[in-house]
Every structure is written in structure tokens, then in C-alpha cells.
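Structure record follows, encoded as C-alpha cells.
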Amino acid sequence: MEKIIDENKQGNSIILDQKNENSRKLYIESYGCQMNFSDSEIVASILTNEGFNTTQNLEEADLVLVNTCSIREKAEQTVRKRLEKFNAVKRINPNMKVGVLGCMAERLKSKFLEEEKIVDMVVGPDAYKDLPNLIQDIDDGRNAVNVILSKEETYGDIAPVRLNSNGVTAFVSITRGCDNMCTFCVVPFTRGRERSRDPQSILEEIKELVGKGFKEITLLGQNVDSYLWYGGGLKKDFEKASDMQKATAVNFAALLDMVATTYPKLRIRFSTSNPQDMTLDVIESMAKHNNICKYIHLPVQSGSNRILKEMNRLHTREEYFELIDNIKRIIPECAISQDMIAGFPTETEEDHQDTLSLMEYVKYDFGFMFAYSERPGTLAERKMEDDIPGDIKKRRLTEIINVQQKHSLYRTQEHVGKVEEVLIEGTSKKSEDHWMGRNTQNTVVVFPKDVYKIGDFVNVKINDCTAATLIGEAVGYSDNN
Ligand code: SF4
């Protein structure tokens, strides 16, 4: 689990300088998925309007917010360890208040206050607009909790404050919640029912980003393929909508077309997809627009039909292959990545072999692979025993990772000798003299800095590769620059 402290080199410090010194100091830490990082930018915006400045210095903070993740037990342990660390800081800064946000806050609710004494405030993912009131409560010495899940809230009217921004790429959330009840997943319980954001407010946010010089956006949601705007309200109530609402509804393919044609020079990515909701028109929209990146994150979790059923994933392995075939037929150069779970309850060696053979069929570019972690409140926790021994989970996970490593190298080697368009995002972690960026397939590319700068679209000749990175030299600016 990657932890990023919300320190920032460009964006915020500029905003910081414009605020007077006596405003209160806000320190935010985010964990988990991109949705949480995007939410932290919403929170920073709401509190900037309340006179808070974001700071990178924990010890000077008046308010410390931890945006938590609950996807696996380890994620929650990481948060608890971090909260422990705050005790020492509180001794130096006794007026400091601590709040927890996100999925763990939603899962534990007021129990969080009992379990972690340093916590003053617990706020669920749909209640961030109530933060000013909740902060008033803790300022008055009362604990504060709001974990109400919403049917409408999309924060479409809040302009995010970009945190930890490279000034080039940004997240734009388009949906919230998830209606798919995968049996292992806490998200439907911690983020509520699916609702989509008004396309006009999405275009407004993108307009502001383009105006600030951003070159790439990622349209974000737990399940973007399920995006459906018909005037507001829950996805599941679409059937009750009027004929007019149905006739003018905007689905994900239409939203992609809208964004790609309105901002033809902007690079567009999206995440996360669900195979059971992805439709051909989305793939055709991707093929139609050069500026929609040729990469899909397509979690599958298992290659066994029996386990997919136990997971309540509403597709078979064969249907998943058909989707992969359609993607490769319509966009041959499209990269695909996966999420995989090893050791789901009742998983046999044969089921595991089905997962490995599915990976052989797809040969993913890269993936996120984890051992099954039982989550409280999920159907799997309530109905199934976590019966796969730890050492078997570990061995199967290692086999999955090894197969992925082999395929990642197979895929990166396909790029050697080619010239790829790369958007420069920053300095390579490995060398001060090299830029890092990504090609349309979302593969990291590193090359000597030469005359180019952050934000440039550059054509790079790929000379070599590792399983994760393409290594090359710049051969000129791309036409999109
Ligand atoms: S699609 Fe399934 S795994 Fe993904 S967020 Fe929804 S319930 Fe969780």
C-alpha cells in the first residue's frame, strides 16, 4: 500500500503564499485508491474556504486529517500505526485535533472514537460538506461524527484544491459508490450506492484544469463503465426516470466522446472498469479519439468460473475472454492491467490453475495482486469461512506475481525499437538527468532530459526495457505538443 504525504512543490504553495499567516493549518494524509486522493482534494477545497491553509508540517498543524482505506486488513493496520505516531506529536502540539475520513471511518463509525482515543472526529466519504460544522463541534470540545451515506452527493459543485500535484496530470471524479455487491468487497458498504456527476460540472472542472496547463486527466470512479447521468439520483432508479430523461441520458461512452471532442489536445484516461459493465461502445469511443489513452484497467480477481460465482462477479471466464478479444480486435495496441485475488474461500488448486491460464491468455501489461483479506460486514465474511491456509495463499500469490512479471516483460519488449509519444510528468526517481513520463499504454518511460520540460509531449525512441519501464531517447516534440 503506497502512502503519499500531501506535500507539494508547485500548486498549493502558490495558494499558500496568498493566504495570511493567521489562518489555521490543515495537514492531510491520504491512503488507498485514487478516489481517496481525489476526495482529499475536495476536503482541502472545502476547508480552504473555511480559512485553513494546507501545511506539510505535521507539528504545526491545527487539524490533522487521515483519509483512510479499508480494502484489506493491512490498510487499516497502517492507519492505526500512523494514529499511534500522532500521540507523540500531540504532546508537542496539545491543541492539535485529529479527524479520520474515508472508508475505515465509514466502516467503524463512532466505534473509531472508542478504539482510537486520539481521534476527535469521524467523517464518512459522503459527509465532507458537513466538515465546517463538525470542526465547530470539536473546537467546542465535543466529539464529532457524520457517516451518513448520500443518494445525491457527487461534490460536483466543489472545485478541488490539487494536492501533491505535478501540474500536468489530475484526477476528475465522475461517479461515487458501487452497486455491484462483490462478496469480498467493502466499497458498497463504505461508499454507498452508485450515482453519477453532471457532465456539465465535469466539463467545467476540466476547463479549469486545461486553463491551468494540465495536459492529462483520469476520469475516476469505483466503476466508471456504469456512469449514467439522467438528471441526478441513483443509477438503480434509472428505470423510474421519465422518457425524456431516458432519451437524454449520458452514458460512459457518450461522456468520453464529449470530453475528447471538447478538449482534443487533452490526454484522457479512466479508472476503474468492471468487466460486467464494460460495453462495446466504450471501446469504440476509445478507438475513435486519439486523445483517449489506449489502456484499460480491467480487474478480474479470478480465472475460475466457480470462484467468480462465489465472488458474485457477474461474468464468466469465457465472457471475459470475449471482452478481451473485442478490445484487442478494435484497439490492437491497447494495454490491459488486472486486479487478482489469491486464496479466496474454497479456492482449489484447479481454480488457481484457471487463474494462471487466464493470465496466459491475456498476458496483462501489469497488475495489482493480493492474497484474500477477509473484510468485516461483507457477504464473504458473513457466509464463507476464510479456509485457505496462509502458506497456500502466499504460494499461490507468488505464482501469480511471477507469471505477471514474465508477461510484463513480454509486453514492454513489444515497445523496443518503436517511437512512442510520452507526456513528461517529472524527474525520474532513479536519475536527476532523466525525465519520466508515460506512453498512451500507461507504461512508464525514462529518457535523458535534453531540451525538454515537464508537460511536453515528446516522441521517444525506445531502446531498451525492464518489466516495468521503457528506456529511450527523445527524438523530437510530438505533434500534440
Ligand atoms: S465492482 Fe466489486 S470490487 Fe469493485 S468497488 Fe464495486 S463491489 Fe468492490
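The values are calculated or read from the model by the stated rules, or taken from the named source; none is laboratory data. Bear in mind the structure is a predicted one, so any value in this text is a computation, not a measurement. Cβ sites come from the backbone with ideal geometry, for glycine too, and all protein chains shown count toward neighbours. These accessible areas exclude ligands, DNA and RNA; they are computed on the full protein's heavy atoms, side chains included. Shrake-Rupley method; radii C 1.70, N 1.55, O 1.52, S 1.80 Å.
Keeping to the stretch 285-306, report how many residues are more than 14 Å from the ligand (Cβ to nearest atom), surrounded by 16 or more Cβ atoms within 10 Å (Cβ to Cβ) and over 22 Å from Thr169 (Cα atoms).
Going through the stretch 285-306 one residue at a time, the tally reaches 3.
Residue under question is Lys430, and the condition is that it be under 17 Å from Ala335 (Cα atoms) and exposed (fewer than 14 other Cβ atoms within 10 Å of the Cβ); does it hold? Can you show your working first?
On the way: under 17 Å from Ala335 (Cα atoms): no; exposed (fewer than 14 other Cβ atoms within 10 Å of the Cβ): yes.
For Lys430, the condition - under 17 Å from Ala335 (Cα atoms) and exposed (fewer than 14 other Cβ atoms within 10 Å of the Cβ) - is not met.
Which fully enclosed strands (runs of 3 or more DSSP E) of the stretch 113-215 have 1 or more residues being within 16 Å of the ligand (Cβ to nearest atom) and buried (at least 21 other Cβ atoms within 10 Å of the Cβ)?
Ranges flagged: 169-173.
Does Leu220 satisfy the condition of being open to solvent by less than 20 Å² (accessible area, probe 1.4 Å), of a type in the set (A, V, I, L, M, F, W, C), modelled with pLDDT under 95 and within 16 Å of the ligand (Cβ to nearest atom)? Spell out how you get there, then give the answer.
On the way: open to solvent by less than 20 Å² (accessible area, probe 1.4 Å): yes; of a type in the set (A, V, I, L, M, F, W, C): yes; modelled with pLDDT under 95: no; within 16 Å of the ligand (Cβ to nearest atom): yes.
So Leu220 fails the test.
Test of understanding: among Glu381, Glu399, Glu360, Glu374, which residue is out of contact with any Gly (no Cβ under 6 Å at 6 or more places or on another chain), at pLDDT 95 or above and not in a helix (DSSP H, G or I)? Lay out the reasoning, then the answer.
Values: Glu381 fails: not in a helix (DSSP H, G or I); Glu399 fails: not in a helix (DSSP H, G or I); Glu360 fails: not in a helix (DSSP H, G or I).
Going through Glu381, Glu399, Glu360, Glu374 in turn, the sole match is Glu374.
Can you say whether Leu314 is open to solvent by less than 10 Å² (accessible area, probe 1.4 Å), over 18 Å from the mean Cα position of the chain (by Cα) and within 16 Å of the ligand (Cβ to nearest atom), as far as the supplied structure shows? Reasoning before the result, please.
Numbers: open to solvent by less than 10 Å² (accessible area, probe 1.4 Å): no; over 18 Å from the mean Cα position of the chain (by Cα): yes; within 16 Å of the ligand (Cβ to nearest atom): yes.
Spelling it out, it is not the case that Leu314 is open to solvent by less than 10 Å² (accessible area, probe 1.4 Å), over 18 Å from the mean Cα position of the chain (by Cα) and within 16 Å of the ligand (Cβ to nearest atom).
For the stretch 223-248, give me the residue count where each residue is open to solvent by 30 Å² or more (accessible area, probe 1.4 Å) and hydrophobic (A, V, I, L, M, F, W, C).
The total comes to 4.
Could you list, in sequence order, all residues of the stretch 329-366 that are among the charged types (D, E, K, R) and open to solvent by 60 Å² or more (accessible area, probe 1.4 Å)? Give the derivation first.
Initially, the stretch 329-366 is screened for residues among the charged types (D, E, K, R), giving 329, 333, 339, 347, 349-351, 354, 360, 363, 365.
Selection gives Arg329, Glu333, Glu349, Glu350, Glu360.
Confirm whether Arg197 is farther than 18 Å from Val259 by Cα and charged (D, E, K, R). Walk me through it before giving the result.
On the way: farther than 18 Å from Val259 by Cα: no; charged (D, E, K, R): yes.
It is false that Arg197 is farther than 18 Å from Val259 by Cα and charged (D, E, K, R).
Go through Ile268, Ile336, Ile324 for me and flag whichever is over 23 Å from Leu228 (Cβ atoms) and in contact (Cβ under 8 Å) with a residue 40 or more places away in the chain. Show your work before the answer.
Values: Ile268 fails: over 23 Å from Leu228 (Cβ atoms); Ile324 fails: in contact (Cβ under 8 Å) with a residue 40 or more places away in the chain.
Of the residues listed, the single one that is over 23 Å from Leu228 (Cβ atoms) and in contact (Cβ under 8 Å) with a residue 40 or more places away in the chain is Ile336.
Please go through the stretch 272-284 and give me each residue that is within 11 Å of the ligand (Cβ to nearest atom), touching a helix residue (DSSP H, G or I) at 6+ places or on another chain (Cβ under 7 Å) and either without any contact (Cβ under 8 Å) to a residue 40 or more places away in the chain or open to solvent by 10 Å² or more (accessible area, probe 1.4 Å) (or both), ordered by number.
Here is the first cut: in the stretch 272-284, the ones within 11 Å of the ligand (Cβ to nearest atom) are 272-277.
Next, from what is left, pick out any that are touching a helix residue (DSSP H, G or I) at 6+ places or on another chain (Cβ under 7 Å): 272-275, 277.
Hits for the stretch 272-284 are Thr272, Asn274, Pro275, Asp277.
With the structure loaded, tell me whether Leu255 is part of a helix (DSSP H, G or I), more than 30 Å from Leu356 (Cβ to Cβ), open to solvent by less than 10 Å² (accessible area, probe 1.4 Å) and in contact (Cβ under 8 Å) with a residue 40 or more places away in the chain or whether it fails that test.
Details: part of a helix (DSSP H, G or I): yes; more than 30 Å from Leu356 (Cβ to Cβ): yes; open to solvent by less than 10 Å² (accessible area, probe 1.4 Å): yes; in contact (Cβ under 8 Å) with a residue 40 or more places away in the chain: yes.
So Leu255 passes the test.
Could you check Leu470 against (1) among the hydrophobic types (A, V, I, L, M, F, W, C); (2) within 30 Å of Glu350 (Cβ to Cβ); (3) in a strand (DSSP E or B) and say which number it fails?
In the conditions (1) among the hydrophobic types (A, V, I, L, M, F, W, C); (2) within 30 Å of Glu350 (Cβ to Cβ); (3) in a strand (DSSP E or B), Leu470 misses (2) alone.
Just the residues that are buried (at least 20 other Cβ atoms within 10 Å of the Cβ) and part of a strand (DSSP E or B), please, taken from the stretch 447-467.
Phe447, Val458, Val460, Ile462, Cys465
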